[in-house]
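Let me begin by presenting the structure, written as structure tokens, before commenting on it.
The values are calculated or read from the model by the stated rules, or taken from the named source; none is laboratory data. Everything quoted here is computed from the prediction, not taken from an experiment. Heads up, the Cβs are rebuilt from the backbone with ideal geometry, glycines too, and the neighbour counts pull from every protein chain shown.
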Amino acid sequence: MAKTIARNNYQATLTGATGGIGQAIAQSLAPQCRSLILLGRDLPKLQALQASLSHSGAEIKILAGDLTQEQTLSELKALVQSMGGIDLLINNAGTSQFKSFTEQTSSELEGLLKTNLVAPMLLTQALVPELMKAKEAQIINIGSIFGYIGFPGFASYCASKFGLRGFSQSLRRELADTSIRVKYFAPRATKTSINSDAVMQMNVELKTESDTPAWVANEFMKFLESSAWEKKLGGKESFFVFMNQLFPSVPDKAILGQLPIIKKYLKR
């Protein structure tokens with residue numbers, strides 16, 4: 001069992017704070033923080049979230065911006081420095097698209113990869129020097145079970161999450177002799193607006209289990225305080241990942257059986 005690490009004075013930065021999982025994590029995390037920076041694209045939602053956390057005991061700052069833009073990266077780094085540092089970076093910002101790969105436009109593909117992979121890499125690169133100043137620090141990249149399993153209709157999304165997992169593992173090993181621990185958190189299907197109506201309906205027909213953001217946030221907090229470097233949500237999904245790694249023909253066959261249903265929803 002992973003060792004538990006108790007903390008209640010994080011200096012944290014959370015991206016993607018206005019999404020379903022992001023808001024739930026912010027609500028759970030804020031009482032454990034001395035300071036918390038929330039970044040998202042929707043200023044009114046950020047302001048509402050900041051107001052809801054006003055009694056958490058943490059100093060809450062917000063920044064509205066797009067992390068694929070260099071100006072936002074610079075503004076966020078300056079805000080971190082003005083807050084006296086950082087010891088917890090949570091790369092949660094992300095997007096998804098359920099679409100046949102051959103029908104994705106180049107701008108859709110590039111935009112998804114920039115948001116899900118390139119932006120968190122560049123932000124991490126910008127903030128590692130600040131994280132190095134802390135006695136102990138963590139970088140937690142929020143990926144997906146689809147960072148282990150390629151699934152039809154999500155080719156670009158899976159590629160971005162496979163990449164984020166590879167980045168997390170590589171950087172974890174690169175920084176193993178420093179005060180920074182790099183971790184990867186992989187939710188399964190979650191009931192948030194990132195999923196289109198077609199995806200939600202498909203999940204019901206495929207009998208895919210979906211979690212609430214609050215439950216995911218609770219699992220995230222357990223992971224935050226553990227020494228484990230990786231966490232996958234869902235027992236069945238974790239077993240599927242295991243089979244995909246050792247006996248890929250088994251999930252190949254299972255997904256092939258689901259393909260007619262998947263393609264039905266891809267046409268919607």
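So which of Phe146, Phe154, Phe167 ends up being of a type in the set (Phe, Trp, Tyr), more than 21 Å from Leu67 (Cβ to Cβ) and touching a residue at least 12 places away in the same chain (Cβ under 8 Å)?
Phe154
If Pro31 satisfies all but one of (1) closer than 21 Å to Pro120 by Cα; (2) touching a Gly at 6+ places or on another chain (Cβ under 8 Å), what's the number of the condition it fails?
Here Pro31 clears every test but (1).
Which of the residues spanning the range 148-182 are among the aromatic types (Phe, Trp, Tyr) and either crowded, with 18+ Cβ neighbours inside 10 Å or over 13 Å from Phe101 (Cα atoms) (or both)?
Tyr148, Phe154, Tyr157, Phe162, Phe167
Which of the numbered conditions does Glu219 fail, given that it passes all the others? Conditions: (1) closer than 23 Å to Ala30 by Cβ; (2) at pLDDT below 95; (3) among the charged types (D, E, K, R).
(2)
Of (1) part of a helix (DSSP H, G or I); (2) in contact with a Lys or Arg (Cβ under 8 Å, 6 or more places away or on another chain); (3) of a type outside the set (D, E, K, R); (4) within 29 Å of Gly147 (Cα to Cα), Leu76 satisfies all except one. Which?
(2)
Would it be correct to say that Leu63 is crowded, with 23+ Cβ neighbours inside 10 Å and part of a strand (DSSP E or B)?
So Leu63 fails the test.
Going through the range 45-60 one residue at a time, which ones are closer than 20 Å to Pro213 by Cα and either among the hydroxyl-bearing types (Ser, Thr, Tyr) or part of a helix (DSSP H, G or I) (or both)?
Passing the criteria: Lys45, Leu46, Gln47, Ala48, Leu49, Gln50, Ala51, Ser52, Ser56.
Of everything in the range 239-250, what is modelled with pLDDT of 95 or more and either under 20 Å from the mean Cα position of the chain (by Cα) or surrounded by 18 or more Cβ atoms within 10 Å (Cβ to Cβ) (or both)? Give them in sequence order.
Val241
Among the listed residues Val80, Val118, which satisfies the condition of being within 18 Å of Phe185 (Cα to Cα) and touching a residue at least 40 places away in the same chain (Cβ under 8 Å)?
Val118
When residues of the range 104-139 are filtered for being surrounded by 15 or more Cβ atoms within 10 Å (Cβ to Cβ) and closer than 16 Å to Thr178 by Cβ, how many remain?
The number of residues fulfilling the criteria is 9.
Which number in (1) surrounded by fewer than 19 Cβ atoms within 10 Å (Cβ to Cβ); (2) touching a helix residue (DSSP H, G or I) at 6+ places or on another chain (Cβ under 9 Å); (3) more than 24 Å from Phe223 (Cβ to Cβ) marks the one condition that Leu73 misses?
Unmet condition: (1).
Working carefully through the options Ala17, Ala30, Ala24, Ala12, find the one that is assigned to a loop (DSSP other than H, G, I, E, B), at pLDDT 95 or above and closer than 15 Å to Phe220 by Cα.
On inspection, the qualifying residue turns out to be Ala17.
Can you say whether Met202 is crowded, with 16+ Cβ neighbours inside 10 Å, touching a residue at least 60 places away in the same chain (Cβ under 8 Å), in a helix (DSSP H, G or I) and touching a helix residue (DSSP H, G or I) at 6+ places or on another chain (Cβ under 6 Å), as far as the supplied structure shows?
Yes, satisfied.
Scan the range 185-199 for residues that are closer than 13 Å to Phe154 by Cβ and not in a loop (DSSP other than H, G, I, E, B) and report the count.
Residues flagged as closer than 13 Å to Phe154 by Cβ and not in a loop (DSSP other than H, G, I, E, B) within the range 185-199 amount to 2.
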